[in-house]
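One structure below.
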Amino acid sequence: MKYAILGDIHANLEALNAVLEDAKKQGVTHYASTGDVVGYNADPKACLQIVRNLKCATVQGNHDYFAASNESMELFTPIAQKSIRWTRKQLSAFDRKYLRHLPLILDVESFTLVHSSLSNPHRWSYIFKRRAADANFRNQFNPVCFFGHTHVPLAFIKGKTTEKGFYETLHICPGQQYLINVGSVGQPRDRNPKTAYAIYDLEAQTVTLRRLEYDIETTQRKVRAAGLPFRNALRLASGR
Ligand code: ZN
C-alpha cells in the first residue's frame, strides 16, 4: 500500500495535477492530506472537488477553517486575509460544510495527520525547531505523524538531539517515532519552487519526498486574473 501525502495544496490546480500524475506513475494507491486545500491561489473549488473524489483522508488547516467561517482573521497577514476573503466568495455551502467538518487530527492506518501540531492543533503553531517538535511528540502515539503549515519539508525523530532536517528518503525504523513535514503542493517556501509531496510506502516502510516541475505560469496568470494579491503569484516562482 502506497500513500501520497499531500500538504498545503492551497488551491493550486496545476501543481495538484502534476503531483497526481506523478503519484499514479509511482504506484500510489491511497491519498491523505495535511490540510489547507484552499487559500492563496485561484482554484479552491476544483482542488476541493479532486480531494473529495480521491477519498483523500484530510485534516483541517487554518485556511480551510477560516475560509469556511465568517470569523475575523487578526492572526493572518493582510495578504492572507485578502486571499481568504476572496476564497470565501468562491465556496458553495457544500464546500464550506465539508471544510468545517474536517477533523484537526486524523489517524489513518498506522500514522497520524495534523496541519500544525498535535500540541494544541487549533492554535496553528509552526514547527520549525526541535522544541516545537518535542511538544508535538508528547502528544504523538503513532510511529509516524505527518504535518504541514510551514510549507517546508523537514523531518524530526523523537529523542534525537539534532533534527533529521531535510530529507529525500526516510526509513521508518521500528521503535522510533517520526514527525514529518511533507512540504507544500501549492506554495513551497523552502526556496525551491518545485511542487512537493511525499509517498509513504507502508510495505517498505519508507517515506520519499517528491519534487516536480509544474506549469507555474498558468497558476500565476490565474491568480492575477482572479484579482488575488499579486504577491501570491510572485512567490510561486521563488518558492518562498
Ligand atoms: Zn498553508
For LYS160, counting only aspartates and glutamates whose alpha-carbon sits under 20 Å away and dropping same-chain residues fewer than eight positions off, the answer is ASP134, GLU168
Sorting ALA225, CYS173, CYS56 by the position of each Cα along the dipole of the chain (Lys, Arg +1; Asp, Glu -1; all at Cβ), the one nearest the positive end of that ordering is ALA225
With a bin width of 5 angstrom, please list the P(r) values of the range 15-83 as percents of all Cα-Cα pairs, from the 0 bin to the one holding the largest distance.
3, 14, 24, 23, 15, 11, 5, 3, 1
Taking a quarter of the surface of the convex hull around the Cα atoms of the range 49-182, what do you get in nm²?
9.0 nm²
Identify which of LEU75, LEU54, LEU118 has the largest mean-square fluctuation in a Gaussian network model of the chain, with springs joining Cα atoms closer than 10 Å.
LEU75
The range 57-85 to the range 1-33: how many Å between their Cα centroids?
23 Å
When every alpha-carbon pair in the range 126-228 is counted, what percent end up more than 18 Å apart?
51 percent
Surface/4 estimate of mean projected area, convex hull on alpha-carbon atoms of the range 2-237, nm²
11.5 nm²
Where in the chain are the DSSP H helices whose alpha-carbon span along the long axis reaches 15 Å or more and whose Kyte-Doolittle mean is at least -1.0?
13-25
Restricting the range 125-189 to chymotrypsin sites (Phe, Trp or Tyr not before Pro) in coil, as DSSP defines it, with at most 10 other Cβ within 10 Å
PHE141
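Each reported figure results from applying straightforward, stated rules to the coordinates on display, with no laboratory input. The structure presented is a predicted model; accordingly, all values stated were derived computationally and were not measured. Cβ: placed from backbone, ideal geometry, glycine included. Neighbour counts: every protein chain shown.
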